[in-house]
1. Mind listing the phi-derived Karplus ³J(HN,Hα) values for segment A:64-75, rounded to whole Hz, using 6.51, -1.76 and 1.60 with θ = phi - 60°, and x for any glycine or proline?
2. Which residue fluctuates the most in chain C, going by a Gaussian network model with Cα springs under 10 Å, if the choices are C:GLY104, C:GLY95, C:GLY151?
3. Give the lysines whose C-alpha is closer than 17 Å to that of A:LYS465, dropping any in the same chain fewer than 8 places away, or say none.
4. Report, as an integer, the average count of C-beta atoms from other chains found within 10 Å of each Cβ along A:407-413.
5. List, in order, the whole-Hz ³J(HN,Hα) value for each residue of segment A:147-155 obtained from phi through the Karplus relation with A = 6.51, B = -1.76, C = 1.60 and θ = phi - 60°; use x for Gly and Pro.
6. Counting other C-beta atoms within 10 Å, which of A:PHE572, C:PHE313, C:PHE319 has the fewest, and how do the rest follow?
7. log10 I(q)/I(0), Debye, Cα-only segment B:124-273, no solvent, q = 0.17 Å⁻¹?
8. Pull up the DSSP beta bridges for the protein assembly as shown and report the antiparallel fraction as a percent, rounded to 5.
Amino acid sequence: MRPRTTLAAVGALLLITSSSGCSQDSQSSSATGTNVMTIPTQTGVIAANPGDSQGPAAEVPDATNGGTITIIRESKISHLDPPRVYSFAALMNAPLYSRFLTTWKDDGKGDLTLVGDLATTPGTNVNGDCRVWEYTIKDGLEFEDGQPITSKEIAYGIARSFDPDLTSGPTYLQEWLSGTPQYDTAWDFKANKTSLPPGLTTPDAKTLRFQFADPHCDLPFAASLPTSAPVPADKDTGVDYDTKPVSSGPYKITENTPGVQLVLERNANWDPATDPVRHQYPDKFVWTFGPDPDAAASRVIADNGPDQSAVAWNGVPASLVAKVAADPALQERTLLSPTPSANRLTINTQRVTDLSVRQALNYAIDRDGLVKALGGETVASPTTTLMPPGTLGYRQYDAYPAGPNGNIDKAKQLLAGRTPELVLGAADDSSGQEVATQLKANLEKAGFTITVKSIPADSKLDETKKKDNPWDLYVDSWAADWPSGAAILPVLFDGRTIRADGNSNSSFVNSDAVNAEFDRILALDPDQQTSEWAAVDEQIMTELAPAVPLYVDVADNIHGSKAGGLFISGIFGSPAFVNAYVKQ
Amino acid sequence: MGRFLLKRSFSALLTLLAVSVLTFLMFFVLPRDPVTGMCPKNCNPERLERVRQELGLSDPKVEQYLGYIKGIFVGRDLSSAQGGYCDAPCLGYSYVNNEPVSATITRVLPVTISIVVPAAILWLSLGIGLGMVSAVHRGTWLDRAAIGFALTGASLQLYFVGGVLLLAFTYHWGIAPVPHYTPFLDNPVDWAGGLVLAWVALALLFSAIYARLSRAQMLETLSEDFIRTARAKGVPRSQVYGRHALRAAITPLVTIAGLDIGAALGGTVITEITFGLQGLGRTAVDAVRSGDLPTIMATVLVAAFFIVTANLVVDLLYAAIDPRVRLK
Amino acid sequence: MNATRGPERQLEEATLSSGPSENRGGTTVAGRSPAQLTWLRLRRDRTAVISGVTLVVLLVIALAAPLIEWMYGIGPQDQFQHALDRYGMPVGPGGGVSGEHWFGLEPGLGRDIFIRMTAGMRTSLLIAFAAATITSALGVVAGTLAGYVGGWVDSSIGWFIDVALALPFLIFALAVVPTVSLRFYGPREAVPAGFQVAVIIGIFAVFGWAGTARLVRGQVVSLREREFVDAARVSGAGLGHILFRELLPNLWAPILVSFSLALPAYITAEAALSFLGIGVLEPVPDLGRMIERSLGYLQTDPAYVFFPGITIFVVVFAFNLFGDALRDALDPRSTR
């Protein structure tokens, strides 16, 4: 079939082009000139070989069975119910008790492959137009109680995600199937529990079909999110399902005390032969909630008793970084990796209308000083691009080369004697305040007059997303749901999505040329798109300068001496547990 | 006495009502709208508005308040998103924690009680003991040492003491277990081990207050005539101090202690944050930060209840001891 | 707010039965007023002198902060990031202590600790004094009215006191403080430090008056039954006269002690607010916020914890010591 051959051929092509395109390691540099780590060349591909989607997953070297992995986190996991899972902790927890249509095979070093999880392949583009997708479900899949998993259970799982009571999760599948962001009114789940939403069909127990009005070539990626997890209809308890969802993964939830502890134990009905990614080495996973990042890091550093097989989820705080960095023994049990979470100083182009001023901001910025203020290279890695390194097809460029400490003279030159007065909206928590102080002192050297306006931390995001927000500058962060430019650039810079509220395009740029480019690229085959996004990235920065790219979050997580197989997910930048084991 | 009790109880109830109204008004100034917090990335305003309606957040404020109060006494109907019907006492449904608020309170209240009550016993014994010793040996180095210790404790900052204790005993020497809460009935030893550092920190700080208090009170009592008479009569010193002086000195101390404990039960926020324990205070702070009004209301009402009850008990004690109070 | 109410209560009990020392037995020595006697006793008490002098020194430093800054040469906002290593930690022993930076540098932003502490102490002392003064004043007025007039005035003021004491201070502060400035200043205007300080003083005032009021009320209730008040009333003295010329002069002792014990309580309380992130915000220097941030660095940069921690301890300790000594000096019986 044409699509398969195309995928196979392009898959090979991708491997070649992506490895040559990204072969320049994007290195983090600092004023002292040494590198703490190199950002891995992230190659990602949709698996062409069906063998990739088959289990069992490759054995982890030296892994042994038994033991308990403890994960220490400050706040509880917001949701366990698969369609409501969206925070990083919830997303890394979900693969333990849940399987999805597709999933990422991640080697922890930058190699990502999208494979079929419950499905035999990442998805068949039936007519080649990305409007009709078909999945064949594997045999031998069971829930924790032995009930079989068929296409009906997966379809039910997707159908119940239309329930407006089940808030907080991603809405891709719902919006694409119903064709509108108001999916809950387009199809009422509660009134139609026995039927399926429009476009979703199950011709037989082994087949699942998506039919979209518009082309969505990213469906394989979206299907990797937990919305596609199977749910048995007779066990669906609505909002209460969140406390103890039925497991389809290697572990099941045995104890859930909100805010205190979450315990997962082995699920005997998980068949490793069907699973290309997961393992079942430890007997138990225990999430412990409450300790703040300092306390968690301190106890894992101390490595006493059960903490020897623990991992501090919240990462090593800036205050303890120096201690960990100075000790080689601690270094050995630190997971250090850049994440896909990119931070930028967004410029409200409705207010800062002069391109030269925006360019001057880009020249004035002292990224090195900012990284120091945040806690150094193990906390933040400076970046000059809008897409984070690690995005498929990434290409490093610097539209406004200013050196690590900024080029104040060049900035002044661009301003030509002007002293623009800008208001920086900053969160009133301690890190927001520190960053704001740093930025203010930095930019004022170039002649800007910066007023820092404090916004209550919990509402800052909502406020800056409003079209008529009163500020000129604010620090924004974005982590794409899958590492493709399509999940970053059009979302953040397409002016046609601007509305009164809830804008991800918080620069409020609307350029016809750029919008046209987005349309053009999105119409291409997924494999052709990859290299195009990098070009658009540079185009946006050069023509519009809607933001000042600042830094990428670096994951710096410490674990106990007996915890093995942990790595930082290349998709979400958080510790992943699919290969975890306890050293005996 | 009965009339007095009735009057004070009625006043206490009014106080609680006032507290509930003020807390509800606080909602107007809260920075965070919890509903928008439910969609970190792809927020759809129209859909959120529907969620808001479902949760009853678009109703007039007075209606929301009355509904809440009614729920406390007779239970109320909540939308399906909040778990359907909610039995009395219904403290609402937390759309942030995704559980009925009464479940939250049932879980976090024992933690706060477990922190405060043993700590109170510790600080009272230590404080009063120190104060007595200091008063009896007035002017000697013992007195000065005790007062010095008391003043040092009173001048320390709780989060500072907590941080140092944790560093020394938990992380560095590994003597004390990492602070956590285990219900007393499950494992008393573990319960104590997980909370001991919090008790010590609180005791260090608060015993100071009671040391000074009891010292002053004891000195006061010791200068009374009846003590002089007892000494003149040849009553042994231990009896003078133990039976006569201590009893007279203790009464005001106990009443003050009662009020302090009542207030402490209302929310040991800093202790809980410093030691990472999920008690009433910590829950309240998290609720305020995320705009979770039902949880805020519940935690504030529970805390106020403790304070008001403690006040009532103290007033009753005073009335029982001092008849003048009753006649007013 | 245990810390604030504790000393009030203790005072209530300790001074309940101490009355005015107007007539101290007929002697041929020229009579001294109670104030003079107190001052004499204070002067003779060594701890009082030491703590008093310390406090005066601290006050002078706080008041002269701009002068000190001028002499020191470094401002509280000046950054020295070139003296930080790649992890943002200050290079050099003791967290960057040197001839140029007496107490070293802050990790991250690289600002000078000494000058920030000087400025921070100024803020803390200002807030503590203002809050203590306002709450004392409000409390005295409310307590005196309630205690003397009695009846429904007493009941209603008493009820207000109950409500104020039942409200959880930290929770309300957490909800109100961050949003108050938003209502007074436009979304693009910076909130001046003065306003932030005023908000904090305000919230202390709203919650703090109740304790003093209760204390004063208790005192007034016991005083109003005394003969001299009766005498004044019988001889036709008006309410104002009784309040200001008869009652108040006999209340100044407990009020003064309550004030001096409230000061360290407010310093601690303001630091607690900063610990929760609702004190004064950056870039205004603040001791509480500095301590809160420094605690995380206890293992990696202990000097950063040491300097502000010791400072706030010394300040609070000196206040407590002086308050104790003052109370001892005011109470004639304690000298026996």
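No value in this document is a laboratory result; all are computed from the given coordinates. Keep in mind that what you see is a predicted model, and the values were worked out from it rather than measured. A quick note on method: Cβ atoms are made from the backbone with ideal geometry, for glycine too, and the neighbour counts reach across all protein chains shown.
1. With the stated coefficients, segment A:64-75 comes to 10, 7, x, x, 10, 9, 9, 10, 9, 9, 6, 9 Hz.
2. Of C:GLY104, C:GLY95, C:GLY151, the most mobile in the Gaussian network model is C:GLY151.
3. A:LYS453, B:LYS41
4. 0
5. The phi angles translate into 5, x, 9, 10, 5, 5, 5, 5, 5 Hz.
6. Details: A:PHE572 24, C:PHE313 16, C:PHE319 27.
Final ranking by Cβ density, sparse to dense: C:PHE313, A:PHE572, C:PHE319.
7. -1.00
8. Just about 75 percent of them are antiparallel.
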